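The values are calculated or read from the model by the stated rules, or taken from the named source; none is laboratory data. This one's a predicted model, so the numbers in the text were calculated from it and none came from an experiment. With ideal geometry, Cβ positions are generated from the backbone for all residues, glycine too; neighbour counts draw on all protein chains shown.
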Amino acid sequence: MPEKIKLVIVGVEQAVLDKQLALFSDLDASHCKVICSKAIDEKLDLRLLDSKTILVINLTQNGLKELIFLETLTTKKVAIILVGDQSDTDLLSQALRLGVKDFIDSKAYQDKFVSVIEATKKHIMSGEISRENKRLNVFVNAKGGSGTSFIASNVAYLLANEAKLKVALLDLNLQFGSIGLNFDKNPQYSFMELLRSLNELDAYSIEAYITKYDQNLRLVLPLLSEVILPGEVDVKQMLKLLELLKVNYHQIVIDIPRLIDPVSNMVMQQADYIVLVVQQSLVQFRNAKRWVQIMHKDLEIPLDKIVLVINRYDSENSMRISDLKEMVNHNGIYTIVSDSEFVDKSTDIGIPLCLSYPGTKISKDLRLLAAGLSGVDFKEKNNNLFNLFGFF
Ligand SMILES: Nc1ncnc2c1ncn2[C@@H]1O[C@H](COP(=O)(O)OP(=O)(O)OP(=O)(O)O)[C@@H](O)[C@H]1O
Ligand SMILES: [Mg+2]
């Protein structure tokens, strides 16, 4: 007999808990055991919570404090669903960082509660997406044309097809995005339409708005015909988009423009790694240094979250890896060789290079980067391609 899913509902208002329990009785409860607790703190018996638990927390006015309690659960594989004020950006941001499964607005819970619990139950039963594999990696360049979109596209492709993870690749270069060209895809819906519809969408219905590339890879792209002006994208809506994507995707890869604004700041704050792509020139190294300073000093991003990639790397060039190492104080520096012939060919046909020319040196370099960023034991198809010397 399949193991039971445990549903734990936590909240201080008895009337709300009663309503939720009543809604829940409409579900197929045969595989569920419901526990109701009033304590949103350490009094909640953690021994009750395991990988078969759905924990619903009705946040109060002290939502942020209550989320601190969640930190004690991060090592556990509990599916957490929050019910709270979705317009509170701090709350949403903290929830996303903690990897909650879903965040339902307290005003809308009557409509969404059942479908969210059902879907979460399905996820748990099918042994899908555990929180340990989740990563959000952001790519940005030190100067236009450094190769960021090309690298982000191939890393996303590798994570989806060789690490076999569910990947969402977002192009936030909303005016001159080029990710679609690398996959020969143009989306059906406009990016702004997607953002505007978010309040009515959940982690499952959002799939209709995003572009399928293959079984594991989805693309969130601006339409070629779409003109989005700076400042038009609402940070709260972007946060909500990331929150929804995190439910269904292991890895989120985001290509952002070289611009510091509220949206890119929020995205960088959410990132596990920020990948800064540079080439070996004085201007690029100088820009990279400025980026690292801004990220670290002004945006308070820890240095170990910043990964440097030297694209079109040439070991004979006088601009050396050690110069970059000084900026970040760690060894997280990768190199990608130049290969115009195969890169241009793959771009012309709109197929990622790692699919069209998997045996090339550039493809091997990209594989090492993808493996390092994903945090997953990245099984190479061809073991002899793997060498650790790409990571200095
Ligand atoms: N290692 C490489 N070898 C050869 N060509 C490359 C390499 N990396 C990128 N390119 C090519 O260089 C061009 C610029 O790359 P890409 O558009 O990815 O840069 P970017 O940093 O995203 O630029 P933008 O500032 O426009 O966003 C593309 O045609 C790409 O295919
Ligand atoms: Mg680009």
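Points to keep in mind about this one:
- Within the range 248-270, none of the residues are under 22 Å from L98 (Cβ atoms) and of a type in the set (K, R).
- Residue count, the range 322-346 (criterion: assigned to a helix (DSSP H, G or I) and either surrounded by 18 or more Cβ atoms within 10 Å (Cβ to Cβ) or not assigned by TED's automatic domain parsing to the domain that holds F150 (or both)): 5
- Residues located in the range 217-242, provided they are more than 16 Å from D171 (Cβ to Cβ) and either in contact with a strand residue (DSSP E or B) (Cβ under 6 Å, 6 or more places away or on another chain) or small (G, A, S) (or both): G231
- Cross-chain or 6+ apart pairs with Cβ under 6 Å, the range 319-348 first and among the polar types (S, T, N, Q), then within 16 Å of ligand 2 (Cβ to nearest atom): S338/R312; S346/L353
- Hits in the range 170-186 - residues which are of a type in the set (A, V, I, L, M) and near ligand 1 (Cβ under 9 Å from one of its atoms): I179, L181
- Filtered residue count, the range 313-351, keeping only those that are touching a Ser or Thr at 6+ places or on another chain (Cβ under 6 Å) and within 16 Å of ligand 2 (Cβ to nearest atom): 1
- Residue check, L259 modelled with pLDDT under 95 and not in a helix (DSSP H, G or I): yes
- Test: residue in the range 203-216 that is more than 16 Å from K185 (Cα to Cα), at pLDDT 90 or above, of a type in the set (S, T, Y) and in contact with a strand residue (DSSP E or B) (Cβ under 7 Å, 6 or more places away or on another chain): no
- Residues located in the range 279-295, provided they are β-branched (V, I, T) and touching a Lys or Arg at 6+ places or on another chain (Cβ under 9 Å): V283
- Of all residues in the range 267-276, none satisfies being polar (S, T, N, Q), at pLDDT below 95, over 17 Å from the mean Cα position of the chain (by Cα) and assigned by TED's automatic domain parsing to the domain that holds K143.
- Qualifying helices (runs of 4 or more DSSP H) (wholly inside the range 89-187; at least 1 residues being within 16 Å of ligand 2 (Cβ to nearest atom) and at pLDDT 95 or above): 148-161, 179-183
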